[in-house]
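The values are calculated or read from the model by the stated rules, or taken from the named source; none is laboratory data. A quick note: this is a predicted structure, and the numbers were derived from the prediction, not measured. Here the Cβ is made from the backbone with ideal geometry for all residues, glycine too, and neighbour counts use every protein chain on show. Surface accessibility is based on the protein's heavy atoms, side chains included, excluding ligands, DNA and RNA. Shrake-Rupley method; radii C 1.70, N 1.55, O 1.52, S 1.80 Å.
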Amino acid sequence: SASLEADDSDNDGYVTISGAFGSVAMGDVAGALDAVDGAAIGTARDDLSAGQGTDASVTYTLPAIAEGLTVKASWSAENGGNGATADASSVAAKYSMSGVTFHVGSENQDGADITGYGISYSANGLTIGYGFSELDSDTANADNEVSSVSAGYTMGNLTLAVNTQEKEDEAGATTSDI
């Protein structure tokens, strides 16, 4: 059995086809690297393109291999709506068990490779996490590493959160953001 879902309610249309084979999403959907939910990973990728406002990709999610494991692969076309100037392909995996989530992902975009990983723990409204990413580019002085630590607490509809990131570029310059 298969199902088809389509949504254009916010002018960011997409179509998802799912079944025993997994699911395929096309249109304004996040790529596989976005699926790892690492703030540090997103920061490293921002150096590659003008922005991450909209995604335009084809993302395949494998069927459940093991409980708590999600594996995705995606491809985005050049000028696919997210400011990218080249095709991008990515793969990511996320594993959750007993409140702990591990994630890892990799993306290649026109001579630049982004690799990232992270871990988070969530229980009783409290979430803490750590993420790391590395951008390795053929472009001179474009390489960087980003580390991110975050914490949040949710009570009903109220969420208090803090995130800090440190980015070190190829020349050794460091930028911190809270």
With the structure loaded, tell me whether residue 135 is farther than 24 Å from residue 61 by Cβ, touching a strand residue (DSSP E or B) at 6+ places or on another chain (Cβ under 8 Å) and buried (at least 20 other Cβ atoms within 10 Å of the Cβ) or whether it fails that test. yes
Pull up segment 138-172, narrow it to residues that are among the small types (Gly, Ala, Ser) and under 26 Å from residue 101 (Cα atoms), then point me to the one that is surrounded by the fewest Cβ atoms within 10 Å (Cβ to Cβ). 156
Quick check on segment 92-105. Is at least one of its residues of a type in the set (A, V, I, L, M, F, W, C), modelled with pLDDT of 65 or more, over 28 Å from residue 126 (Cβ atoms) and surrounded by fewer than 17 Cβ atoms within 10 Å (Cβ to Cβ)? no
Pairs returned, first residue in segment 12-31 that is closer than 12 Å to residue 60 by Cα, second residue that is open to solvent by 50 Å² or more (accessible area, probe 1.4 Å) and outside any strand (DSSP E or B), beta-carbon separation under 7 angstrom, 6 or more apart or interchain, are 19/1; 21/63; 22/62; 22/63
